[in-house]
Amino acid sequence: MTLPKARIAIFCGDPAGIGPELVQRLLDDPKRYEHAHIHLIGQQVALKVPASVTVHTWDGLLAPPFDPGEAGASNGCYMLEGLRQGLALAQEGAVDALCFAPLNKAALRAAGMHQEDELRWFADFLNFKASCGELNVLENLWTARVTSHVALREVSSLLSPQKVAAAITMIIDSLKRAGLEQPRIAVCGLNPHNGDNGNYGDEEARLIEPGIELARANGYTAEGPFPADTAFVRAIRKPDGYDGVVTMYHDQGQIAMKLLGFERGVIVHGGLPYPITTPAHGTAYDIVGEGKANPQAFFNAFDLACRMAVSGKTI
């Protein structure tokens with residue numbers, strides 16, 4: 001029994017950023033994608049495409065060059081249409097997963113994206129109503145978060161046992177989709193010292209612990225809550241560490257993950273009908289065209305998309 005080749009849509013991301021450079025680095029090394037069929041969504045003037053890669057025909061293919069390092073409505077419109085093309089390929093069954101190079105949120109908003117982030121845009125485009133959220137991946141460590149791109153002052157009011165359970169469910173399902181049969185998950189508290197038995201806040205006992213119990217009742221086991229300042233120490237200890245950490249807000253997990261490996265991290269848009277991955281870094285406008293962009297996070301995002309695309313499939 002062997003795994004079939006993954007069919008991956010690759011979108012080159014912001015044409016004013018380092019995305020096309022990262023994609024070109026992948027295309028220049030055929031061994032990196034010999035296990036996949038690539039459907040490339042990009043701009044003809046920006047790429048040299050090997051014959052083994054399928055070039056997707058769309059309006060952006062013949063777009064003229066964009067000014068490097070500038071965020072505006074024109075490259076925002078290009079990005080939104082490129083993402084639509086990738087999702088449409090997945091909906092049609094032409095690809096198994098989408099991997100895209102970094103986007104620029106200011107340009108996306110200039111082009112009319114009103115959602116808080118691209119994940120919510122994906123969900124709206126797909127008319128997907130179930131729970132979904134960003135997962136951050138650094139090799140063998142994954143994180144999910146209960147709240148995401150919101151003001152820190154709003155976090156406590158947005159927590160609930162149901163949302164904690166949904167984040168646990170999503171990260172476990174995604175890890176299984178990536179090939180891990182029995183993921184071990186740690187859950188962070190919200191307050192300093194895990195609330196210190198209510199002295200610094202009661203969200204741990206009132207919201208987070210019931211969320212863990214709710215997930216467990218549904219067949220999804222996680223441990224915690226643990227103080228957030230030690231949760232990642234527990235997670236990376238081997239051999240008794242954790243495969244995933246559920247955090248309560250954006251920076252609670254992002255700071256730890258980026259310190260552990262800024263140039264290797266990947267975002268998975270978890271819970272959606274199709275695997276969607278991207279590097280965890282941005283468009284790096286300050287180094288566009290200088291040959292300095294590190295492609296490792298993009299390589300990792302592509303590899304993870306391939307793994308998730310074929311998990312459970314054999315021929």
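The values are calculated or read from the model by the stated rules, or taken from the named source; none is laboratory data. A quick note: this is a predicted structure, and the numbers were derived from the prediction, not measured. Cβ: placed from backbone, ideal geometry, glycine included. Neighbour counts: every protein chain shown. The accessibility values were calculated without ligands, DNA or RNA, using every heavy atom of the protein model including side chains. Shrake-Rupley method; radii C 1.70, N 1.55, O 1.52, S 1.80 Å.
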Report, in whole Å, the centroid distance computed from the Cα atoms of the stretch 192-247 and the stretch 90-147.
-> 25
Between the modelled labels at Lys129 and Ile236 (7 Å from Cα along Cα→Cβ) the distance in nm is 4.2
Per residue, how much accessible area does the chain show when a 1.4 Å probe rolls over the protein heavy atoms, in square angstrom?
-> 45
Could you tally the net charge around Glu118, taking each other residue with its Cβ under 10 Å from the Cβ of Glu118, Lys/Arg +1 and Asp/Glu -1?
-> -1
Remind me, relative contact order of the chain in percent, using alpha carbon pairs under 8 angstrom and six or more residues apart?
-> 25
Across 10 Å bins from the origin, how do the percents of Cα pairs in the stretch 43-97 run, short distances first?
-> 21, 47, 29, 3
Any idea what the relative contact order of the stretch 1-97 is, in percent, if you count C-alpha pairs under 8 Å spaced at least 6 apart?
-> 37
Which three extents, in whole angstrom, do the alpha-carbon atoms of the stretch 174-315 cover along their principal axes, largest first?
-> 53, 45, 30
Would you work out if the stretch 1-65 is rounded, prolate or oblate? Take a ≥ b ≥ c from the square roots of the eigenvalues of the alpha-carbon gyration tensor; rounded if a/c is under 1.5, else prolate when a/b is larger than b/c, oblate otherwise.
-> prolate
Would you mind telling me the antiparallel percentage of the DSSP bridges in the chain, rounded to 5?
-> 35
Calculate, for Arg84 and Gln162, the FRET efficiency according to 1/(1 + (r/R0)^6) with r their C-beta to C-beta distance and R0 35 Å; round to the nearest 0.05.
-> 0.65
Using a cut-off of 24 Å between alpha-carbon atoms, which lysines can reach Lys258, once sequence neighbours fewer than 8 places away in the same chain are excluded?
-> Lys105, Lys176, Lys238, Lys292
Would you kindly give the portion of the calculated P(r) for the chain that falls above 35 Å, as a percent of all Cα pairs?
-> 21
Taking 129-141, 197-209 and ranking on average Cβ neighbours within 10 Å, highest first, one gets 129-141, 197-209
